[in-house]
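What follows is a single structure, written as structure tokens, with notes after it.
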Amino acid sequence: MKKASEAPTIQSPTWNQYRNQVITAITDVEVLMQQLGKGLNAEGLTEEVAGQLGLEIDTPAAYDALLTLVRATRRIAQEGLRRTREDQGGQYALFL
């Protein structure tokens, strides 16, 4: 398991890749929650995203950084879900 405190920062050359992984994880969790008829607040979503990415939240600062990123990118993931549902006639396949 990777430590969240070692995740790329915005200055890192791998930042965009990490950001995209977070967006993908948010999308996966959002789809699962929709299928279950449940919702998550940003804090719960952050913990689920950490689990999806195999990140151990090892410091309060690392948690805050991931929470901030989740809050900043959640709308991007939700918009991607909306477009996918429209493109697929309301269907969204979740591949686990």
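Do the conditions hold for R85, that is, is it open to solvent by 50 Å² or more (accessible area, probe 1.4 Å) and touching a Phe, Trp or Tyr at 6+ places or on another chain (Cβ under 7 Å)? Explain how you work it out, then say what you get.
Numbers: open to solvent by 50 Å² or more (accessible area, probe 1.4 Å): yes; touching a Phe, Trp or Tyr at 6+ places or on another chain (Cβ under 7 Å): yes.
Yes, satisfied.
How many residues are closer than 18 Å to S5 by Cβ and assigned to a helix (DSSP H, G or I) when one looks only at the range 53-91? Give the steps one after another, and end with the answer.
First, the residues of the range 53-91 that are closer than 18 Å to S5 by Cβ: 53-70.
Filter once more, keeping what is assigned to a helix (DSSP H, G or I): 53, 60-70.
Result for the range 53-91: 12.
Is there a residue in the range 25-36 that is farther than 17 Å from A65 by Cα, assigned to a helix (DSSP H, G or I), among the polar types (S, T, N, Q) and open to solvent by less than 70 Å² (accessible area, probe 1.4 Å)?
Going through the range 25-36, the residues farther than 17 Å from A65 by Cα turn out to be 27-36.
Filter again for assigned to a helix (DSSP H, G or I), leaving 27-36.
Now restrict to residues that are among the polar types (S, T, N, Q): 27, 34-35.
Retained after the next criterion (residues that are open to solvent by less than 70 Å² (accessible area, probe 1.4 Å)): 27.
Yes, the range 25-36 contains at least one residue that is farther than 17 Å from A65 by Cα, assigned to a helix (DSSP H, G or I), among the polar types (S, T, N, Q) and open to solvent by less than 70 Å² (accessible area, probe 1.4 Å).
So for the range 39-52 (the condition being over 12 Å from R74 (Cβ atoms), surrounded by 11 or more Cβ atoms within 10 Å (Cβ to Cβ) and in contact with a Pro (Cβ under 8 Å, 6 or more places away or on another chain)), does at least one residue qualify?
No, there is no match, as no residue in the range 39-52 is over 12 Å from R74 (Cβ atoms), surrounded by 11 or more Cβ atoms within 10 Å (Cβ to Cβ) and in contact with a Pro (Cβ under 8 Å, 6 or more places away or on another chain).
Is it true that some residue in the range 60-73 is touching a residue at least 24 places away in the same chain (Cβ under 8 Å), at positive phi and open to solvent by less than 60 Å² (accessible area, probe 1.4 Å)? Spell out the reasoning first.
The initial filter retains those residues of the range 60-73 that are touching a residue at least 24 places away in the same chain (Cβ under 8 Å), namely 61-63, 65-67, 69-71, 73.
Subset that is at positive phi: none.
No, there is no match, as no residue in the range 60-73 is touching a residue at least 24 places away in the same chain (Cβ under 8 Å), at positive phi and open to solvent by less than 60 Å² (accessible area, probe 1.4 Å).
The values are calculated or read from the model by the stated rules, or taken from the named source; none is laboratory data. Only a predicted model underlies this, so the values are computations on that prediction, with no experimental measurement involved. Neighbour counts are summed over all protein chains in view; Cβ atoms, including those assigned to glycine, are modelled from backbone coordinates with ideal geometry. Calculation scope for accessible area: heavy atoms of the full protein, side chains included, ligands and nucleic acids excluded. Shrake-Rupley method; radii C 1.70, N 1.55, O 1.52, S 1.80 Å.
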